[in-house]
1. Quote to one decimal, in nm, the extra length available between ASN112 and LYS91 on full extension: 0.36 nm per residue of separation minus the C-alpha distance between them.
2. List the extent of the Cα atoms of the range 59-194 along each of their three principal axes, largest first, rounded to whole Å.
3. Cα centroid distance between the range 21-48 and the range 205-221, in Å?
4. For the chain, rounded, prolate or oblate, judged on the Cα gyration tensor with a ≥ b ≥ c (square roots of eigenvalues), a/c < 1.5 rounded, else prolate if a/b > b/c?
5. Take the cross-link list LYS77/LYS201; LYS86/LYS201; LYS132/LYS265; LYS86/LYS180; LYS4/LYS169; LYS77/LYS180 and give me the ones stretching past 28 Å between alpha-carbons.
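What follows draws every value from the coordinates through simple rules; no lab data is involved. All figures in this text were calculated on a predicted structure; none of them were measured in a lab.
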Amino acid sequence: MLLKDRYINPFTDFGFKKIFGSEVNKDLLIAFLNTLLPPEVGIVADLSFLPNKQVGRSEYDRRAIFDLYCENEKGEKFIVEMQRAKQNYFKDRSIFYATFPIQQQAQSGSWNFCLKAVYMVGILDFVFDEDKADNDVVHHEVKLIDRSTGAVFYDKLTFIYLELPKFTKTIDELATDFDKWCFLLRHLPELTDRPTRLQEKVFLKVFELAEIARYSSVEAEAYEESLKIYRDLKNVVDTAYDEGKAEGKAEGIQQKALDVAKRLKDAGFDIETISGCTGLAVAVVEGL
């Protein structure tokens with residue numbers, strides 16, 4: 001594969017970790033999160049990266065591997081996931097993931113059950129099927145709500161989903177930092193220069209990190225492989241959903257998912273990641 005783009009694709013595993021996943025560049029993740037969080041949360045001043053592999057409290061519990069797992073200066077936890085392709089149960093998966101930082105707060109002995117806030121952030125390269133009729137809402141903030149009053153029942157568990165394909169503003173229409181982050185995440189591989197609307201220090205740093213010409217041959221090869229896997233996964237999974245719906249055949253989706261899983265397994269992806277991307281059970285993936 002010949003890399004013709006100037007900048008990396010942030011939806012690749014390599015690209016996402018390059019921009020957001022290192023301690024030395026955590027100011028970028030902090031700046032991004034501060035555009036997503038509700039005003040009452042306040043500003044995230046600092047973050048510490050935590051191990052992204054989590055296991056249950058017993059040997060029989062499932063494990064989870066997050067893209068990024070962080071803690072701010074208040075002890076609040078942030079799970080950040082870049083979801084590159086559709087899957088049947090992504091909402092279920094995000095709920096399951098949120099249980100880990102909740103359970104980890106348990107204390108032995110006498111404990112009053114006071115919890116620190118948990119935020120699950122999903123950056124989506126697709127649109128939820130149930131949201132396709134509503135093209136206006138890119139940023140979803142989900143909390144536990146009392147349906148009888150419409151009031152927030154519990155404010156320490158928040159799910160934030162960004163449906164980036166819905167973001168259609170042009171470069172000249174960018175008004176807020178949130179707009180600029182959405183535009184950059186969606187269009188970075190298409191850019192050939194650094195637009196005048198994206199000249200703030202934080203975005204210039206993204207451009208520097210994302211410029212392929214700056215990479216060593218080892219880094220370039222790693223990105224090339226990550227890009228190939230991203231394209232294979234997205235193309236095959238999207239085709240599976242489209243074909244399955246058009247034909248009304250669940251088995252069409254299942255077979256495509258199996259094909260993708262086999263290719264990801266051959267590429268060295270771990271079982272849990274493959275299961276999460278394809279929606280297949282861990283046991284099914286292990287048997288491929």
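1. 4.6 nm
2. Principal-axis extents of the Cα atoms in the range 59-194, largest first: 58, 37, 32 Å.
3. Cα centroid of the range 21-48 versus Cα centroid of the range 205-221: 23 Å apart.
4. It comes out rounded by the Cα gyration axes.
5. Exceeds cut-off: LYS86/LYS201; LYS132/LYS265.
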